[in-house]
Amino acid sequence: MILDISVVILYAAGMLLLGWYGMRRARSQEDYLVAGRNLGPAFYMGTMAATVLGGAATVGTVRLGYVHGISGFWLCAALGAGIIVLNLFLAKPLLKLRIFTVTQILERRYTPAARQASAVVMFAYALMISVVSVLASGTVLQVLFDLPFWAAILLAGGVVVVYSSIGGMWSLTLTDIVQFAIKTVGLMFVLLPICLYRVGGWDALAAKLPDTAFSLTTIGYDTILTYFLIYFFGILIGQDIWQRVFTARNENVARVAGSLAGVYCVIYGLVGALIGMCAKVLLPDLANANNAFASIVQSALPDGIRGLVIAAALAAMMSTASAGLLAASTTVTEDLLPKLRGGRPSSLGVARLFTLLTGLLVLAISLVVSDVIGALTLAYNLLVGGILIPILGAIYWKRATTTGAIASMALGCATALVFMFKDGLEANTPIYYSLAVGLLAFVIGSLLTRPQARAASLA
């Protein structure tokens, strides 16, 4: 255990050191928020994949593999498909706009009021994305090192808050590249082969699990559809993902490297599901399937190697946590704060301060939330249910108005919250009803009000 702890401490120290180096490179607001818009293919692919594949994609996919078999990979498949479509079809026009936030698109099409309303929704989404990964990383440390829950959260989340606050996007990019390499080696080339070896090989795995574990549809067609509605479309409009697109040096970098990142996400999902299937064979009676990842790491791996895989898991989680944190603080400093400051833009110092304050809020929420997949679903239900319809309308419908957009955001989010409370966080109903109500509110609100002079589609 001492060896494992030493590996994890070295990893955390390395992240803080990279954060300090990133601080030295972040000399302007553009450096801090989008890494100077100058990332090449290797950095762009690594940071894009690391951003998407966090706690839910790691701990959550292993859990889904434990419960549903290979079909648990669909969560990551939906994320990967979203990354591919975003970089192939939307990156070019987004890069030309040279903006910082998703909500700036809405201001260009509607009015500043629409931007500020959507910023509230985007802030809630990005905040919960960060909470999900801090929670997942804390859960892993708690189980493996027998730490109190609060101590595990503060340890894992504290490192993220520090390096994100001091260096912004440059710190995130540098740490993401290292995290991408560590989690690729740790999960794909260490944990999965060892798990298969402990099971007895592929043939033994097939013999010890039912045929349903190897079906791509065991998780259910309704769940697969819901994953695509939530995660595929969520990727297309998420601030944390768009902010990574804005870092690309040019459209060719985004198109090629971004598509490769999407393919990597699908492979990552298959690996996670297979690890979960191995855990089902080796640890068939887990009281809580959420602990499948931590439990299989603890039981299947020797000292030292266990520390490497823990670092790999933390790498996956911390990259997404930092992305959500910076996205949330960027939404505050670029979309909300200038309105309160009489239109004055935020400075680099203000951006750092609000990243720190947002990070402290993330830690506080993480201490009272427990379900990783549920928290992720809450984030994406609010994002897709509240903002997807207004953004599509901004792009494709000339008759859309600010009133319709704000009504759609408000009623879409409210509907999602009502059905999540009524049917549960992982139910399929919240996203269906929120999209239906949001669409109806958008159309009726737009038709009952006069379009602004700026009303022209952005397509």
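The values are calculated or read from the model by the stated rules, or taken from the named source; none is laboratory data. Predicted model, so just to flag it, every value in this text is computed and none were measured. Because the Cβ atoms are built from the backbone with ideal geometry, glycine has one as well, and the counts that use them run over all protein chains shown. We work out accessible area using only protein heavy atoms, side chains counted, and drop any ligands, DNA or RNA first. Shrake-Rupley method; radii C 1.70, N 1.55, O 1.52, S 1.80 Å.
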| task | Could you tell me which Cys residues in the chain have no other cysteine's Cβ under 4.7 Å from their own Cβ, answering none if every one has a partner? | result | C76, C265, C413
| note | Note to self, the chain gives a 222 nm [θ] from helices alone (DSSP H runs n ≥ 4, -39500 (n - 2.57) apiece, / all residues, nearest 500) of -23500 deg cm²/dmol
| task | Let me know the volume per residue of the alpha-carbon convex hull for segment 1-103, in Å³. | result | 151 Å³
| said: Report the gain in length on full extension from V263 to R344: 0.36 nm times residue separation, minus Cα-Cα distance, nm rounded to one decimal. | reply: 25.0 nm
| message | For a protection proxy built on the mean count of beta-carbon atoms within 10 angstrom, sort 109-115, 120-126, 192-198 highest first, please. | response | 120-126, 109-115, 192-198
| query | So which aspartates and glutamates can K339 reach, going by Cα to Cα under 18 Å and dropping same-chain residues fewer than 8 places off? | reply | E107
| request: Output ³J(HN,Hα) for segment 38-51: one whole-Hz value per residue in order, computed from phi by the Karplus curve 6.51 cos²θ - 1.76 cosθ + 1.60 with θ = phi - 60°, and x for Gly and Pro. | output: 9, 7, x, x, 5, 5, 5, 4, x, 6, 5, 5, 5, 5
| query | For segment 333-459, what is one quarter of the convex hull surface built on the Cα atoms, given in nm²? | reply | 9.9 nm²
| task | Compute the accessible area per residue over the chain, keeping the other protein chains in place, probe 1.4 Å, unit Å². | result | 36 Å²
| task | Consider all pairwise Cα distances in segment 300-375 and report the whole-number % of them above 16 Å. | result | 63 percent
| Segment D146-A287, length gained on full extension (0.36 nm per residue, minus Cα span) | 49.1 nm
| task | For K208, list the lysines whose Cα falls under 25 Å from its own Cα; do not include residues on the same chain fewer than 8 positions away. | result | K280
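Quote the relative contact order of the chain in percent (integer), defining contacts as alpha-carbon pairs under 8 Å separated by 6+ residues.
Reported relative contact order: 31 percent.
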| field | Vicinal HN-Hα couplings computed from phi for segment 444-450 (Karplus, 6.51 cos²θ - 1.76 cosθ + 1.60; Hz; Gly/Pro x) | value | 5, x, 6, 6, 8, 10, 8
| said: Under a crude label model (7 Å from the Cα following the beta-carbon direction), how far is R98 from N252 in nanometres? | reply: 2.1 nm
| task | Tally up the carbon and sulfur contribution to the accessible surface of the chain as a whole percent, 1.4 Å probe, everything protein left in place. | result | 69 percent
| Which distance in Å, rounded to a whole number, links the C-alpha centroids of segment 399-451 and segment 162-178? | 35 Å
| task | Report Rg(Cα)/(2.2 N^0.38 Å) for segment 78-219, keeping two decimals. | result | 1.45
| task | May I ask you to order 76-86, 435-445, 290-300 by the average number of other C-beta atoms within 10 Å around their residues, highest value first? | result | 76-86, 290-300, 435-445
| note | Full extension between D303 and Y21 adds, at 0.36 nm per residue less the Cα distance, a length in nm of 98.4 nm
